[in-house]
Amino acid sequence: MSSKQVLMVVTNHRKITEDYETGLWLEEFAVPYNAFKAQGYDVKVTSIQGGEVPLDPNSIPEEEVPEWQEAQEELKNTAKLSKEDAEGFDGIFLPGGHGTMFDFPDNDTLQYVLQQHAEQDNIIGSVCHGPSGLVNATYKDQTPIVQGKAVAAFTDSEEIGMELDLFMPFMLETKLRDLGAHFSKGEDWTSHAVRDGNLITGQNPMSSERAAELMVGALEEK
């Protein structure tokens, strides 16, 4: 039996404002990456622009986490996401970080890749701000991928709690609700992830492990 093929797509966006750095939230990448590797999956790590991936400074632990080192190595020189990444995978996973709010929603390549994965009934997983990549993602008939689906993501109250709501291009929870998603949330800053068919989403960094578990479970059913 061949191993599963998983595509991970991360942000390259570095700043919210001139003096507020952002990027990928490390835990949201490293924890799912390790979960997929532990299952023996082949994981391809890509980013919107390719090259080195910026990490949100707030997501870097004060002490190194040895089990995250392999994942961090993958971020030093990523492949640029291409339309060829629409084929040959069993699933796609979008980690978050505020950077995704700026370079995920309007990236034509990501939207094409997500559409193809959705049309192929592949597993689509995401956590925290990663679902920002889903807000413009549609099936070929233009139906939003999230319409009518249970979806979790970083909540408006969590965004306001971080005092970053005024700097975001949109509020993720509100946007997903507007698209017809059945927004699902737990208490702020607690683990909460949901699966609706082939779509798996998690609320915040604390939900990374649960979202990865649901993703693995869905992939194992394929």
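Details
- Helix-only CD estimate at 222 nm, as mean residue ellipticity for the chain, using -39500 (n - 2.57) per DSSP H run (n ≥ 4): -8000 deg cm²/dmol
- Rounded accessible area of D165 (nearest 10 Å², 1.4 Å probe): 50 Å²
- Take 67-73, 48-54 and order them by the average number of nearby Cβ atoms within 10 Å per residue, most first; the result is 48-54, 67-73.
- Members of K44/K83; K83/K140; K15/K140; K140/K185; K37/K222; K15/K76 lying beyond 22 Å, as alpha-carbon distances in this model show: K15/K140; K140/K185
- Mean accessible surface per residue for region 1-121, computed with a 1.4 Å probe while every protein chain stays in place, in Å²: 46 Å²
- Size descriptors for region 63-139, from the alpha-carbon set: Rg then Dmax equal 13.4, 43 Å.
- You can think of it this way: the chain between A150 and S191 has 13.2 nm of extra reach, that is 0.36 nm per residue less the Cα-Cα gap.
- Filtered chymotrypsin sites (Phe, Trp or Tyr not before Pro), region 1-59: DSSP coil and at most 11 other beta carbons within 10 Å: none
- Between D141 and R14, the simple spin-label model (points 7 angstrom out along Cα→Cβ) gives 4.4 nm.
- Using a probe radius of 1.4 angstrom, the carbon and sulfur fraction of the accessible surface of region 45-204 is 44%.
- Ligands, DNA and RNA aside, T78 has an accessible area near 10 Å² when probed at 1.4 Å.
- Prolate/oblate/rounded label for region 2-67 (Cα gyration tensor, a/c 1.5): oblate
- Shown are S207, S157, S184, whose ranking by accessible area with a 1.4 Å probe and every protein chain present, most to least, is S157, S184, S207.
- Ligands, DNA and RNA excluded, the heavy atoms of H117 present near 0 Å² of accessible surface to a 1.4 Å solvent probe.
- For region 179-222, the solvent-accessible area works out to 44 Å² per residue, with a probe of 1.4 Å and every protein chain left in place.
- Cα-derived Rg to Rh of the chain, Kirkwood definition: 0.93
- Cα gyration tensor shape of region 176-222, rounded if a/c is under 1.5, else prolate or oblate by comparing a/b with b/c: oblate
The values are calculated or read from the model by the stated rules, or taken from the named source; none is laboratory data. Worth saying up front: this structure is predicted, and the values here are computed from it rather than measured. Note that each Cβ is placed from the backbone with ideal geometry, even for glycine, and that neighbours are counted across all protein chains shown. Heavy atoms of the whole protein, side chains included, go into the accessibility calculation; ligands, DNA and RNA do not. Shrake-Rupley method; radii C 1.70, N 1.55, O 1.52, S 1.80 Å.
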